[in-house]
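The values are calculated or read from the model by the stated rules, or taken from the named source; none is laboratory data. For clarity, every value in this text was computed on a predicted model and none was experimentally measured. Here Cβ is always computed from backbone atoms with ideal geometry, including for glycine, and neighbour counts include all displayed protein chains.
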Amino acid sequence: MGNLIRFTLLPGQRHDLLGVETVIKAIEFAAFLGDKAFDANWLRDELTDRKASVVIPSKSNRKSQIPHDKEVYKWRHLVENYFAKIKEFRGIATRYDKTDVSYSANWNLAAGIIAAR
């Protein structure tokens with residue numbers, strides 16, 4: 001629980017929401033826990049169509065706030081904990097790799113080491 005399944009690299013200036021579709025494609029899950037950055041109607045519709053529970057707090061500027069399960073949302077700390085584990089690998093945390101291919105390879109290597117612990 002709390003290990004990397006799939007990731008996609010995006011340019012640093014791109015919003016995380018743009019990469020979520022490729023990451024969740026062909027993965028079955030019962031719930032999607034995301035922060036306010038993932039509060040988009042198209043994503044909520046996609047997740048509802050897939051019969052997944054949507055646990056995303058509404059952005060403050062949303063006209064009608066959509067309630068979320070605050071107790072389930074507390075489990076999102078697993079994502080933050082995983083990023084803390086990844087930051088233990090200095091080369092990944094500081095992006096030493098020059099190419100996307102080598103950076104992705106090192107993410108996979110780090111994920112394998114973390115999963116083996």
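Data table
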| read-out | value |
| --- | --- |
| Criterion: surrounded by 11 or more Cβ atoms within 10 Å (Cβ to Cβ), touching an Asp or Glu at 6+ places or on another chain (Cβ under 9 Å), farther than 14 Å from H68 by Cβ and not polar (S, T, N, Q) - qualifying residue of L43, L4, L9, L18 | L9 |
| Subset of the stretch 104-117 [aliphatic (A, V, I, L, M) and either in contact (Cβ under 8 Å) with a residue 60 or more places away in the chain or surrounded by 10 or more Cβ atoms within 10 Å (Cβ to Cβ) (or both)] | A105, L109, A110, A111, I113, I114, A115 |
| Criterion violated by G19 - all others in (1) in contact with a Leu (Cβ under 6 Å, 6 or more places away or on another chain); (2) modelled with pLDDT of 85 or more satisfied | (2) |
| Subset of the stretch 66-103 [under 22 Å from G34 (Cβ atoms), loosely packed, with under 12 Cβ neighbours inside 10 Å and acidic (D, E)] | E71, E80 |
| Selected residue (criterion: modelled with the lowest pLDDT) from residues of the stretch 37-78 that are closer than 18 Å to L18 by Cα and of a type in the set (A, V, I, L, M) | A37 |
| G34, sole failed condition from (1) modelled with pLDDT of 90 or more; (2) surrounded by fewer than 16 Cβ atoms within 10 Å (Cβ to Cβ); (3) of a type in the set (G, A, S) | (2) |
| All positions within the stretch 52-79 that are free of Cβ contacts under 8 Å to residues at least 12 places away in the same chain, more than 24 Å from L4 (Cβ to Cβ) and of a type in the set (K, R) | K63, K70 |
| Hits in the stretch 1-38 (condition: within 12 Å of the chain's Cα centre (by Cα), β-branched (V, I, T), farther than 18 Å from N81 by Cα and assigned to a loop (DSSP other than H, G, I, E, B)) | T8 |
| Odd one out for I27 among (1) in contact with a Ser or Thr (Cβ under 7 Å, 6 or more places away or on another chain); (2) loosely packed, with under 11 Cβ neighbours inside 10 Å | (1) |
| So E80, is it among the charged types (D, E, K, R) and either touching a Phe, Trp or Tyr at 6+ places or on another chain (Cβ under 6 Å) or in a helix (DSSP H, G or I) (or both) | yes |
| Meets criteria (part of a helix (DSSP H, G or I) and without any contact (Cβ under 8 Å) to a residue 60 or more places away in the chain) for E46 | yes |
| Which numbered condition T48 fails, given (1) under 14 Å from the mean Cα position of the chain (by Cα); (2) more than 23 Å from A115 (Cα to Cα); (3) among the polar types (S, T, N, Q) | (1) |
